[in-house]
Amino acid sequence: TLLDSRPKPLAGKTIVMTSGPTHEPIDPVRYIANRSSGKQGHAIAAALARLGATVHLVSGPVTIADPEGVSVTHVESARDMRDAVERLLPADAAVMVAAVADWRTANEAGEKIKKQPGAAAPALQMVENPDILAGVGHSKQRPRLVVGFAAETQDLLANARKKLDKKGADWIVANDVSHTTGVMGGDRNAVRIVTRSGVEEWPDMSKEEVAERLAARIAAALQTIEV
Ligand code: CTP
Ligand code: CA
């Protein structure tokens, strides 16, 4: 707002982001999706914008409003999300928060699949979707800072470390989404920032607070020569 006179350490910086789930069509009326409210990703986009960044957010289908001060491209499928992200490069940083569907149907039906009396349930054939974060992390136009997320139900740190390398990311924000934590769809989150130099454990806090703190950490990293 006009009254916001806080310093703008990310002024002049461009950040590309993903948030929300993707929807992979089965037929014109059905889809496969991941659970994601978009709350955490959208909050990060807004927090980066408040620090002065030009934020380009590619959002899958969510019910929450577009974050304030952010330019949003709305997409449905992982392939559309990937295409939109590629069009938004180059950027100073990428923050990929979307819960991208790992697979899509290989045989999307052009017409609604009808029940046939006595017939077996239709079988879905699946093929793997592009890995958007890995594409950015290994791109010729790789941003200086590439941040991914990892929602895990077990072996949190080991899995997050593997993702750092596999995806060419600088940081993985890891969170435990086993059913007892209530992270999915909720307003709170307890994350760990996994980097090549170690693991930073953040206490349980609101998704807004995680967003503020991550945005500040991104601003600090982009102000140094090395990230
Ligand atoms: N990601 C992505 N494109 C995909 C899959 C994941 O950009 N097709 C990104 C997510 O946005 C997140 C990170 O990669 O920032 C980790 O996602 P996750 O689902 O935890 O990793 P996967 O490699 O898909 O591994 P798995 O689901 O098997 O744990
Ligand atoms: Ca996945």
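Looking at 208, 200, which one is in a helix (DSSP H, G or I) and among the acidic types (Asp, Glu)? None of the others qualify; the one that does is 208. Residue 96 meets all of the listed conditions (1) closer than 23 Å to residue 215 by Cα; (2) within 16 Å of ligand 2 (Cβ to nearest atom); (3) surrounded by fewer than 24 Cβ atoms within 10 Å (Cβ to Cβ) but one, namely (3). With a requirement of 1 or more residues that are within 16 Å of ligand 2 (Cβ to nearest atom) and in contact (Cβ under 8 Å) with a residue 60 or more places away in the chain, the strands (runs of 3 or more DSSP E) lying completely within region 1-62 that satisfy it span 14-19, 23-27, 30-33. Counting only residues that are at pLDDT 95 or above and more than 16 Å from ligand 2 (Cβ to nearest atom), region 169-186 holds 2 of them.
The values are calculated or read from the model by the stated rules, or taken from the named source; none is laboratory data. Fair warning: this is a prediction, and the values are worked out from it, not measured in the lab. Heads up, the Cβs are rebuilt from the backbone with ideal geometry, glycines too, and the neighbour counts pull from every protein chain shown.
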